[in-house]
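J.: This is the structure I have questions about; it appears just below.
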Amino acid sequence: MPREVGMADIKVFGVVGAGQMGRGIAQVAAQSGFDVKLLDASLELAQQGVQRIAKDLTRQVERGKMGADERDRVVARITAIADYKDCEDVDFLVEAATERAELKRAILQSADAVMKPGAILASNTSSISLTKLAAQVKRPTQVIGMHFMNPVPVMKLVEIVRALQTSDEAYNVTRDIALRMGKTLITAKDVPGFIVNRMLIPFLNEACFALQEGLGTAEDIDKGAKLGLNHPMGPFELADLIGLDTVLFIAEVLHREFGDDKYRPPTILRNYVAAGWLGRKSGRGFYDYSQEKR
């Protein structure tokens, strides 16, 4: 049986998915000194992801929070790729694709087929069973959940989720990587929604039901959460940031797995997703972002 990698072996960090979450993970990994490979469905998409990271870091330079030399060093550590064959030298890989079980399974299987023995496969899933994902690859002991919060460069929390099969070594390496990234850790059992979304989804659902019933406007409900509950963002601002399609998917998973109506998705959420109003990423959700600079 191949030796699993230890923290000292982690040199090349892979990220699958150049969207908002994947870009954030790649940026933080590069800032932590790892050489990063950012993979997406096409080289153009992966390159656009690197360009967006460079743009975000340039804003930090303009605000005096980072030097231009440091920005250039970070960006130089990130390589855009579009072929899993280029993951042969990756020591630790995180998939950050859309929250769909079949897609995440296919990504992990593709990476598993080419990565070196002992390398670790992590998923950024916020609701899907790690035990089920691990059962679909040839290295189940090296599969783990590494759930970053959005936006990754800002949010301190990483939720580590152990599959039933996850080895102690894989857990220890994942923990050490998160600490090297400057993150604060919590560890969750492999139960739908884990810790954060187990609490969050009923809150977002209830806000949607309140809006649907005309209890208040989206603005009033958000203001009530921020000023009455001391939340930094209101539920609709947060849902728009996460993506309403992702919120709906997680709610459906929790409702199906637990059979508890407190997780049932409200009609208004289903309708917004059906309309393509997915939040910030589509330009419209509970709020209109069409005038914001992209």
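The values are calculated or read from the model by the stated rules, or taken from the named source; none is laboratory data. Treat the numbers as computed from the prediction; the structure is a model and nothing was measured. All Cβ positions, even for glycine, are placed from backbone atoms using ideal geometry, and neighbour counts span all protein chains on display.
J.: What's the number of the condition Asp56 fails, among (1) closer than 23 Å to Ile107 by Cα; (2) touching a residue at least 60 places away in the same chain (Cβ under 8 Å)?
T.: Failed condition: (1).
J.: The conditions are (1) outside any loop (DSSP other than H, G, I, E, B); (2) closer than 22 Å to Ile128 by Cα; (3) of a type in the set (Val, Ile, Thr), and Ile221 fails exactly one of them. Which is it?
T.: (2)
J.: Now for a separate question. Please tell me if Ala188 is touching a Leu at 6+ places or on another chain (Cβ under 8 Å), small (Gly, Ala, Ser) and touching a residue at least 24 places away in the same chain (Cβ under 8 Å).
T.: no
J.: While we're looking at this one, here's another question. crowded, with 24+ Cβ neighbours inside 10 Å, of a type in the set (A, V, I, L, M) and in a helix (DSSP H, G or I): does that describe Ala46?
T.: Answer is yes for this residue.
J.: Does Arg198 satisfy being without any contact (Cβ under 8 Å) to a residue 12 or more places away in the chain, assigned to a helix (DSSP H, G or I) and either under 20 Å from the mean Cα position of the chain (by Cα) or over 26 Å from Glu292 (Cα atoms) (or both)?
T.: Spelling it out, it is not the case that Arg198 is without any contact (Cβ under 8 Å) to a residue 12 or more places away in the chain, assigned to a helix (DSSP H, G or I) and either under 20 Å from the mean Cα position of the chain (by Cα) or over 26 Å from Glu292 (Cα atoms) (or both).
J.: Which of the numbered conditions does Phe258 fail, given that it passes all the others? Conditions: (1) assigned by TED's automatic domain parsing to the domain that holds Asp222; (2) in contact (Cβ under 8 Å) with a residue 60 or more places away in the chain; (3) under 16 Å from Gln212 (Cα atoms).
T.: Answer for Phe258: the failing condition is (3).
J.: So if I check each of Val12, Val16, which one is of a type in the set (A, V, I, L, M) and either more than 13 Å from the chain's Cα centre (by Cα) or modelled with pLDDT under 95 (or both)?
T.: When all the criteria are applied, what remains is Val12.
J.: With Arg77, Arg71, Arg52 as the choices, which residue is among the charged types (D, E, K, R), in contact with an Asp or Glu (Cβ under 8 Å, 6 or more places away or on another chain) and surrounded by 15 or more Cβ atoms within 10 Å (Cβ to Cβ)?
T.: Arg77
J.: Additional query: Is one or more of the residues making up the stretch 166-175 under 16 Å from the mean Cα position of the chain (by Cα) and modelled with pLDDT of 95 or more?
T.: Yes: the stretch 166-175 contains one or more residues that are under 16 Å from the mean Cα position of the chain (by Cα) and modelled with pLDDT of 95 or more.
J.: Then there's this: May I ask you to verify whether Ala30 is in the same structural domain as Thr125 (by TED's automatic domain parsing), touching a residue at least 12 places away in the same chain (Cβ under 8 Å), touching a Lys or Arg at 6+ places or on another chain (Cβ under 9 Å) and part of a helix (DSSP H, G or I)?
T.: Against the criterion (in the same structural domain as Thr125 (by TED's automatic domain parsing), touching a residue at least 12 places away in the same chain (Cβ under 8 Å), touching a Lys or Arg at 6+ places or on another chain (Cβ under 9 Å) and part of a helix (DSSP H, G or I)), Ala30 qualifies.
J.: Out of Leu108, Leu157, which single residue is crowded, with 22+ Cβ neighbours inside 10 Å, of a type outside the set (Gly, Ala, Ser) and not assigned by TED's automatic domain parsing to the domain that holds Arg256?
T.: Leu108
J.: I've got another one for you. Of all residues in the stretch 265-294, how many are within 23 Å of the chain's Cα centre (by Cα) and assigned to a helix (DSSP H, G or I)?
T.: 8
J.: Please give the strands (runs of 3 or more DSSP E) falling wholly within the stretch 77-141 in which 2 or more residues are β-branched (Val, Ile, Thr).
T.: 78-81
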